[in-house]
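**Q** Have a look at this one before I ask anything.
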Amino acid sequence: MRGWAMNVWQWVMAFYVCILALPAPANAWENYSGRNLTVFVREIQPGNIVVVNENRHASRGDFAIRFYGVGIPTLKQPFGMQAQEQLRKLLPKGTKIIITTINEDANGIVSALVQLEDHSINNRLIAEGLAWVDRSTCKAFFCRRWHIQEHLAIKEKRGIWSLNIPTPPWQWGEVK
């Protein structure tokens with residue numbers, strides 16, 4: 001009987017060790033607000049900023065959003081102009097989009113997931129090779145899917161991945 005009790009104790013301890021070994025929740029979501037807002041595109045600014053408003057026709061109440069977990073090339077970088085042009089095609093002025101707010105930085109810029117109809121613009125930019133997954137900020141469960149999209153873009157040498165050594169904006173020396 002003693003041998004059986006010892007085995008149960010070992011199993012219980014092994015279970016607790018496994019639980020303790022699991023990764024802790026990602027800090028990227030500690031300020032997660034998770035509000036879904038329907039907004040209208042007012043302007044695409046260089047880099048990673050889109051000015052939006054909840055009212056299609058008002059100019060008061062404009063606010064800036066940044067694509068959560070994504071680094072888009074700056075205008076001075078290779079593929080920066082292509083990324084800007086693609087954003088302007090996907091999100092022309094007045095386009096209705098749904099954003100899920102993640103957090104807000106000290107400058108009042110909101111990090112968000114951007115949806116156009118049923119498609120993630122964040123994901124699309126990565127899949128087209130026009131953006132990097134920002135591994136320092138993208139810690140949510142869906143970021144794994146973005147890593148797969150990025151890997152496929154690398155494998156197929158799409159966009160920034162056609163370069164020998166693409167440099168993400170956070171290493172380029174300019175603001176994302």
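No value in this document is a laboratory result; all are computed from the given coordinates. Keep in mind that this is a model prediction, so the values were computed, not measured. When we count neighbours, we look across all protein chains shown, and the Cβ atoms used for this are built from the backbone with ideal geometry, even at glycine.
**Q** Residue by residue through region 84-98, what is 3J(HN,Hα) from phi via Karplus (6.51 cos²θ - 1.76 cosθ + 1.60, θ = phi - 60°)? Round to whole Hz and write x for glycine and proline.
**A** Result, rounded to whole Hz: 4, 5, 5, 4, 5, 6, 6, 10, x, 3, x, 5, 8, 10, 10.
**Q** According to a simple spin-label model (label point 7 Å from Cα along Cα-to-Cβ), what is the distance in nm between K139 and K89?
**A** Spacing of the two 7 Å Cα→Cβ label points: 3.6 nm.
**Q** How far apart, in nm, are two points set 7 Å out from the Cα along the Cα-to-Cβ line at H151 and at L163?
**A** 2.4 nm
**Q** How about K76: which lysines have a C-alpha closer than 24 Å to its C-alpha, ignoring those fewer than 8 places off in the same chain?
**A** By straight Cα distance, K76 reaches K89, K93, K157, K176.
**Q** Then there is this: Calculate the dipole size of region 34-100 relative to its Cα centre from +1 charges on Lys and Arg beta carbons and -1 charges on Asp and Glu beta carbons; express the result in debye to the nearest 20. Mind showing how you got there, number by number?
**A** Numbers: 10 positive and 4 negative charges, 19 e Å.
I would put it at about 100 debye.
**Q** List the aspartates and glutamates whose Cα lies under 15 Å from the Cα of K96, skipping any in the same chain that are fewer than 8 positions away.
**A** By straight Cα distance, K96 reaches E43, E54, D62, E117, D118.
**Q** Three principal axis extents, largest first, for the C-alpha atoms of region 98-140, in Å?
**A** 30, 25, 18
**Q** Could you check the spin-label model distance between Q45 and I98? Points 7 Å from the Cα along Cα→Cβ, value in nm.
**A** About 2.6 nm separates the two model spin labels.
**Q** Still on this structure, I have one more. Return, ordered by residue number, the residues of region 72-113 whose backbone nitrogen is under 15 Å from a label point located 7 Å along Cα→Cβ of H57.
**A** Only 94 pass the distance filter.
**Q** Next question, about the same structure. Mind giving me the FRET efficiency for D118 and M81? R0 is 22 Å, r the Cβ-Cβ distance, nearest 0.05 is fine. List each step's numbers first, then the result.
**A** Details: r = 28 Å, r/R0 = 1.27.
FRET efficiency, D118 to M81: 0.20.
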